[in-house]
Structure formats: structure tokens, C-alpha cells
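Peer 1: Have a look at this one.
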Amino acid sequence: MWERDCGVVPVVDERERVVGIVTDRDLCMAAYTQGRPLRDIEIASVMSRAVHTCRADDALATALAAMRDGKVRRLPVLDADDRLVGILSLNDVAQAAARERAPANPELAARAILDTLAAVCEPRAPREGAAQMTG
């Protein structure tokens with residue numbers, strides 16, 4: 001992940017269907033909280049199984065809504081057979097909007113991107129069993 005500047009890796013089954021997702025943060029937190037090197041930690045124990053996705057033929061507004069609802073910065077993109085075909089990131093959307101300057105596509109409007117970023121950045125409820133930080 002470090003070498004490819006990749007913050008997320010989807011976990012797929014033998015049919016290329018997404019069964020989980022692992023972020024660089026998930027891995028860091030697992031190593032820290034378990035006090036073990038990454039080579040000794042199974043992906044299944046740290047991956048998120050509740051994966052928010054979008055379809056390759058979805059409107060961008062639909063994908064942004066999924067990001068807002070799930071408070072995620074990246075969405076696996078699935079084809080009609082639920083197979084992984086890519087990942088859409090909030091960075092991808094922002095860069096596309098910046099390239100267009102005056103987007104012909106209203107879904108790339110700054111307000112839609114800003115609203116999505118604001119929603120994604122809202123604190124989540126603590127995970128069950130997670131240690132609470134104070135101070």
C-alpha cells in the first residue's frame with residue numbers, strides 16, 4: 001500500500017465479488033492495538049465487512065450519496081454481476097472537478113463535493129468494543 005500510495009484495498013472472493021475492505025488505518029490500528037507485526041495479522045480479522053459500493057453505470061450523484069451515507073472516502077465500483085471493476089475516491093471526483101473548472105456536469109459542482117467531504121469527515125460513532133480516548 002505504501003509503495004503504490006494506496007489507502008484502501010478491496011478484499012474479493014474467488015468470483016471477484018467484494019467481501020470486505022481494508023484501509024491503511026485499519027492495518028495501523030490492528031498492529032498497534034494487537035501489539036503484533038502486520039505479517040502476523042490476518043486480513044479477515046481487520047477488514048470491514050460492511051462495504052459501501054456503487055455501480056459502474058451509477059450517476060456520480062448516487063456515488064457521492066453513498067459516500068456521504070457511509071462516511072467513506074472510497075467506493076468499490078461493481079459491474080452488473082457484482083464483480084469489482086474499480087475504486088472511486090473522493091480525490092478522483094475532486095480532481096475531475098478541478099480539471100473541468102466550469103463543469104458541464106452539475107454532479108461535479110463544488111457544492112456537491114464539499115457536502116460529501118463534510119459528511120465523510122463527521123465523526124463516526126465508536127465501534128463496538130473499541131477503546132474510548134479521552135482528553
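Peer 1: In Å², what does the accessible area per residue of region 10-55 work out to with a 1.4 Å probe?
Peer 2: That works out to 69 Å² per residue.
Peer 1: I've got another one for you. Ranked highest first by the average count of other Cβ atoms within 10 Å around their residues, in what order do 11-23, 63-75, 37-49 fall?
Peer 2: Output ranking for 11-23, 63-75, 37-49: 63-75, 11-23, 37-49.
Peer 1: Taking amide H positions as placed in the peptide plane 1.01 Å from N, state which residues far from VAL12 in sequence (5 or more) or on other chains have amide H under 5 Å from it.
Peer 2: Amide H to amide H, under 5 Å and 5 or more residues apart or across chains, VAL12 pairs with VAL19.
Peer 1: For a quick check: with amide H placed at 1.01 Å from N, whose amide H comes under 5 Å from ARG83's, ignoring anything fewer than 5 positions away on the same chain?
Peer 2: Hits under the 5 Å cutoff: none.
Peer 1: Quick one: net charge around LEU78, please, counting Lys, Arg +1 and Asp, Glu -1 for every other residue with C-beta under 15 Å from its C-beta.
Peer 2: Net of charged neighbours comes to -2.
Peer 1: Using the Karplus curve 6.51 cos²θ - 1.76 cosθ + 1.60 with θ = phi - 60°, what ³J(HN,Hα) values do you get for each residue of region 79-88, in whole Hz, with x for Gly and Pro?
Peer 2: Running phi through 6.51 cos²θ - 1.76 cosθ + 1.60 with θ = phi - 60° gives 8, 5, 9, 6, 8, 5, 10, x, 9, 9 Hz.
Peer 1: Another question, then. Please turn the phi angles of region 37-42 into ³J(HN,Hα) values with the Karplus equation 6.51 cos²θ - 1.76 cosθ + 1.60 (θ = phi - 60°), one per residue in order, whole Hz, x for glycine and proline.
Peer 2: With the stated coefficients, region 37-42 comes to x, 4, 5, 9, 10, 6 Hz.
Peer 1: For every other residue with a beta carbon closer than 13 angstrom to the beta carbon of GLU42, add +1 if it is Lys or Arg and -1 if Asp or Glu, then tell me the sum.
Peer 2: Combined, the nearby Lys, Arg, Asp and Glu give 0.
The values are calculated or read from the model by the stated rules, or taken from the named source; none is laboratory data. Note that the structure is a prediction, hence the values are computed from the model and not measured. Because the Cβ atoms are built from the backbone with ideal geometry, glycine has one as well, and the counts that use them run over all protein chains shown. Heads up: the accessible areas ignore ligands, DNA and RNA and are worked out on the full protein's heavy atoms, side chains in. Shrake-Rupley method; radii C 1.70, N 1.55, O 1.52, S 1.80 Å.
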